[in-house]
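One structure is given here, and the rest of the page talks about it.
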Amino acid sequence: MIYGDYHIHSTYSKDAISTIEENITSAINKGLKEIAISDHNYFHGYGIKFGDRAKINAEIERLRTKCNIRVLKSAEANLIDQTGLIDLSHEEQKNLDIVVLGYHKSYAKARWLTKFVPHIRMRRNNPKTIAKNTQAYITALTNNKINIVAHIGYGAPVNTVEIAKFCKEHNIFLELNGRKNCIPDDEMREVINTGVQFILNSDAHNYERVGDVRLGLTIMEKYNIPEWQIANLNKLPDFTKRC
Ligand SMILES: [Zn+2]
Ligand SMILES: [Zn+2]
C-alpha cells in the first residue's frame with residue numbers, strides 16, 4: 001500500500017470540494033501516514049486567491065498538531081511559459097515542506113493574460129514546441145526547489161525521457177497521477193530505464209479520492225515498474241535528498 005499521498009486539493013482550489021480537515025480525516029481513515037495539501041497556485045484558473053497561501057499554511061499548522069498523521073505544506077505550482085517561469089515565489093517556497101509542479105491548460109485570465117500569451121503556444125504538438133517545453137521544465141526545476149513533477153506531458157507535450165533523466169539526477173519524483181497518465185506509450189520504457197523514482201499520487205479534488213492511486217498502480221503493473229522505483233509504496237519518500 002502507499003504510505004503517503006502528496007497531491008491533494010482542498011476547497012482553497014476552486015475546483016475542489018473538501019476542506020483540509022476533511023481530507024486529513026479521510027487520509028487517517030485510509031491508513032495513510034503522510035499527506036501533502038497541494039492546492040493550485042495563483043496562475044491556475046481554479047487557483048487559490050492572492051493572500052491565501054499564508055492562510056493555508058496557518059490552517060495546516062493548526063490542524064497538524066491535533067492529528068497523528070504528518071501533514072505537509074505544499075503547493076501545485078504552475079509552469080507558466082516557455083522561459084520556465086512558475087507562479088510560486090522563492091519566498092513562498094521557503095515556507096513550504098515540498099513543492100509540486102504542473103502545467104495546466106486552465107489559467108487565470110484577467111491578471112495574467114496580456115503578459116503570458118506565449119503560454120498558449122506550449123500546447124502545440126511539434127518538435128520545436130516539444131524542445132522548448134522540455135527546456136522550460138528543466139529551467140523551472142533548476143531555478144526552484146521542486147520535489148514532484150505532476151502529470152508530465154499533460155497539456156504541453158515534452159520529451160519525458162529528458163525530464164526523467166533530470167529528475168533522477170536531482171532526486172525529484174516523477175508522479176504517476178491518479179486521474180491521468182500522459183507519458184506516451186513509446187516513451188514509458190525509456191523513462192523507467194532512467195532509474196527515476198516515481199511517486200503515486202491521487203490528485204484528489206474531494207476527500208473520497210484521497211489515497212486513490214489505482215490508475216498509477218495499473219500503469220505500474222502494465223509496464224512492470226519494480227517496487228523499489230516507487231517512492232511511496234510500502235515506504236515513505238525522502239524529500240531531503242533533493243539536490
Ligand atoms: Zn495538476
Ligand atoms: Zn492537482
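FYI, it's all coordinate maths here, none of it is from the lab. As the structure is a prediction and not an experimental result, all values here were calculated from the model. Cβ atoms come from the backbone with ideal geometry, glycine included; neighbour counts cover every protein chain shown.
What FRET efficiency, computed as 1/(1 + (r/R0)^6) with R0 = 30 Å and r the Cβ-Cβ distance, is obtained for Arg123 and Glu91, rounded to the nearest 0.05? Intermediate results must be reported in sequence, preceding the final value.
Working: r = 30 Å, r/R0 = 1.01.
E between Arg123 and Glu91, to the nearest 0.05, is 0.50.
The alpha carbon centroids of region 18-46 and region 52-75 are separated by 10 Å. Mean projected area of the convex hull spanned by the Cα atoms of region 4-241, taken over all viewing directions: 11.7 nm². Per-residue packing, averaged as other Cβ atoms within 10 Å, sorts the ranges 68-79, 51-62, 229-240, 206-217 into the order 68-79, 206-217, 229-240, 51-62, beginning with the highest.
Could you order peptides 122-128, 180-186, 21-27 by the average number of other Cβ atoms within 10 Å of their residues, highest first? Before the final figure, lay out the partial values.
Values: 122-128: 11.7, 180-186: 14.1, 21-27: 21.0.
Taking the mean over residues of other Cβ atoms within 10 Å, the ranking is 21-27, 180-186, 122-128.
When you restrict to C-alpha pairs under 8 Å that are six or more residues apart and normalise by the size of the chain, the relative contact order lands at 21 percent. Once the gyration tensor of the Cα atoms in region 1-132 is diagonalised, the equivalent ellipsoid follows with semi-axes of 30, 16, 13 Å, ordered largest first. Take the Cα of Asp52, go 7 Å toward its beta carbon, and the backbone nitrogen atoms of region 206-231 under 20 Å from that spot belong to 206-210.
Dimensions of region 79-179 based on its C-alpha atoms, expressed as ranges along the principal axes with the largest first, amount to 33, 31, 26 Å.
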